[in-house]
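Note sheet for the following structure.
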């Protein structure tokens, strides 16, 4: 089976600081992979490189058969295929403040995919129903709670039906009860065949819902395996540092 | 304070005689001396010197805008105004006025091709006739307007009526023969109808309370008429003719009626002026709305070009913004209307809309640029990951959010534009402020016209601010 995501030996730097120093990671369809690490480990840089929002210096990133070349981010006109394959949920959700929930979700369907408004709205309502926020269709982002905003952001990213869904610290604004229900939602998405790469430092969340965990430290993956193996029996210093850190990181 | 003129009015024999005139009016009245631009010369200057000698007071020239001579003399800025001031009944009601020292003819200037067609004002029904605002000719045209009369186009100076006549923007100019002949010498290209439309007189104007000084001045003027000094001066400035000789003879033969004050003219009521003010207000509003629409469209294009464009586009746009913001809008209006008239002959209203619109576009573009740059990067990235093109992100995400940020400063600019639109009177568009000035000049007071004018401006700007606040509330609730 082809991987939804195949990252090989990726290096990336910000200024003179090398943030990623040879990261290799892959995610299969239907799989949830938690990319873990303390703040500054390079999780967000990795996600941004995969979503073609940030550059990388060397190595290869292949998403659903589409290869991203190292170097500056290419113009949007050359990223059409990638954009269809990757959805991203930002840490601070970044919902479009001036649009209602339903318009946030239908925007890409209508304008990027050219669907009719009726078809897009039917799809959006179905997604929002799955995610449990269908009652907020006409609300504006600032009227939503953190959990609702998170689900709407997921619905927005899922609407174009991407193969790979990237989530950046999805639990950071949620209380423990809501983390659990978010996990359930993500499991449903994986069951539907989506590949999920989740950057998180929330150990309980990763243990509860990830199929596989990759621990990123100082720009490389230091440990990888099932949550039980990595998180329960780790002897690696960086993983233990992660386990000791408080599991809620304030949103950036 | 040098300008406190109270002492000059007390009639102190040895105090300097401060007299007011407008050197912008130019020869033969008052002009800066080409040999020494800090001095003035002209027949009005020589008359001031004659009066000074007669009073044993040294004449001191005070520069004042021609249209403000009457208000300034009443304030006490100087003792006597001499600058081709026209004798009018209202002038005599409000000020002390000397005997007329010169008789002029109001003459029509037309293009050569029209010399047989337009001989009188009646021939000019429905045609555009230009004149200097606030003059007797202007009043004459206003009186003729309406019942099949001409369309009046008022200017703030006496050069552009003639250049616009030659350029075809107006069909005739009605002004006194001295100005007409001077323009004919300067620029030429038109024909002065030989039959005068009317005759008028130049007088000296003094504060109403200064009738004693006025009487002394009258004695001096008569003496200079009698001894030929005035004739010599007028000859030297090439404005003497037989009509003038006959006029002097008439004045010297009759001493009784020259100072008679015409009391029959009733003060026009507010009701008579209100429709004109409201019409002018409508012009202000229309002009402002069209200019703002242009400013918003050009401003958006400039801002988008500066945020998204390559360096080759950004540089000229930056130059445009700096050039427009760094120079007075008045200068831009002049250049657009008069400066470009040899290339493109814009109608006044269109030039006004373009001038104000392009000026405000520079300011709008900076507002939009700042607003565009204030939208968080993640909003744009969210758009990208959804597969929207850059143009779609601008149109669907960044633009609408920036518009919300720009609303308050835009409202501010529109209110400012409503008032800045008064500047276009320099290119002959009569809008609210100009109409108010005309009204105020006619009744000799700014109080009622000023209040009415302010009320109309507020009636236009307040609902606008309200609407903007309502929109802002709606958007911030969202």
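From the residues in segment A:73-85 that are in contact (Cβ under 8 Å) with a residue 12 or more places away in the chain and at the interface with chain B (Cβ under 7 Å from one of its Cβ atoms), which one is nearest to residue A:160 (Cα to Cα)? Spell out the reasoning first.
Start the filter on segment A:73-85 by keeping residues that are in contact (Cβ under 8 Å) with a residue 12 or more places away in the chain, which leaves A:73-74, A:79, A:81-85.
When the remaining residues are screened for being at the interface with chain B (Cβ under 7 Å from one of its Cβ atoms), the result is A:83-84.
Working: A:83: 9, A:84: 7 Å.
Restricting to residues being in contact (Cβ under 8 Å) with a residue 12 or more places away in the chain and at the interface with chain B (Cβ under 7 Å from one of its Cβ atoms), the top hit is A:84.
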**OP:** For residues that are within 14 Å of another protein chain (Cβ to nearest Cβ) and either closer than 20 Å to residue B:379 by Cβ or assigned to a loop (DSSP other than H, G, I, E, B) (or both), tally how many sit in segment A:98-135.
**Re:** 19
**OP:** Quick one: which residue in B:186, B:122, B:111 is touching a helix residue (DSSP H, G or I) at 6+ places or on another chain (Cβ under 9 Å), surrounded by fewer than 19 Cβ atoms within 10 Å (Cβ to Cβ) and at pLDDT 90 or above?
**Re:** B:111
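What residue, of B:173, B:217, B:205, is more than 16 Å from the chain's Cα centre (by Cα), surrounded by 17 or more Cβ atoms within 10 Å (Cβ to Cβ) and either more than 30 Å from residue B:74 (Cα to Cα) or without any contact (Cβ under 8 Å) to a residue 24 or more places away in the chain (or both)?
Numbers: B:217 fails: either more than 30 Å from residue B:74 (Cα to Cα) or without any contact (Cβ under 8 Å) to a residue 24 or more places away in the chain (or both); B:205 fails: either more than 30 Å from residue B:74 (Cα to Cα) or without any contact (Cβ under 8 Å) to a residue 24 or more places away in the chain (or both).
Selected residue: B:173, the only one of B:173, B:217, B:205 that is more than 16 Å from the chain's Cα centre (by Cα), surrounded by 17 or more Cβ atoms within 10 Å (Cβ to Cβ) and either more than 30 Å from residue B:74 (Cα to Cα) or without any contact (Cβ under 8 Å) to a residue 24 or more places away in the chain (or both).
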**OP:** Kindly indicate whether any position in segment A:70-89 is farther than 24 Å from residue B:375 by Cα and assigned to a strand (DSSP E or B).
**Re:** yes
Subject >> Filter result (facing chain B (nearest Cβ under 7 Å) and at pLDDT 90 or above) within segment A:88-97 >> reply: A:88, A:90, A:96, A:97
Original post:
Which one of B:404, B:384, B:398 is at the interface with chain A (Cβ under 7 Å from one of its Cβ atoms), closer than 23 Å to residue B:362 by Cβ and in contact with a helix residue (DSSP H, G or I) (Cβ under 7 Å, 6 or more places away or on another chain)?
Top reply: B:404
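Every residue, every condition in (1) closer than 19 Å to residue B:218 by Cβ; (2) modelled with pLDDT under 85, yes or no:
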residue: B:4; (1), (2): no, yes
residue: B:9; (1), (2): yes, yes
residue: B:16; (1), (2): no, no
residue: B:20; (1), (2): yes, no
residue: B:23; (1), (2): no, yes
residue: B:26; (1), (2): no, yes
residue: B:42; (1), (2): no, no
residue: B:46; (1), (2): yes, no
Subject >> Scope segment B:419-450; condition farther than 30 Å from residue B:95 by Cα and surrounded by fewer than 22 Cβ atoms within 10 Å (Cβ to Cβ); matching residues >> reply: B:419, B:420
Original post:
Out of (1) within 17 Å of the chain's Cα centre (by Cα); (2) modelled with pLDDT under 90; (3) closer than 21 Å to residue A:10 by Cβ, the odd one out for residue A:218 is which?
Top reply: (1)
**OP:** Just need a number here: residues in segment B:39-59 that are under 16 Å from residue B:205 (Cα atoms) and not in a helix (DSSP H, G or I).
**Re:** 1
Original post:
Which one of the conditions (1) away from chain A (no Cβ under 14 Å); (2) crowded, with 21+ Cβ neighbours inside 10 Å; (3) part of a helix (DSSP H, G or I) does residue B:466 fail to meet, given that it meets all the rest?
Top reply: (2)
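The values are calculated or read from the model by the stated rules, or taken from the named source; none is laboratory data. Since this is a predicted model, take the numbers as computed values, not measurements. Cβ atoms come from the backbone with ideal geometry, glycine included; neighbour counts cover every protein chain shown.
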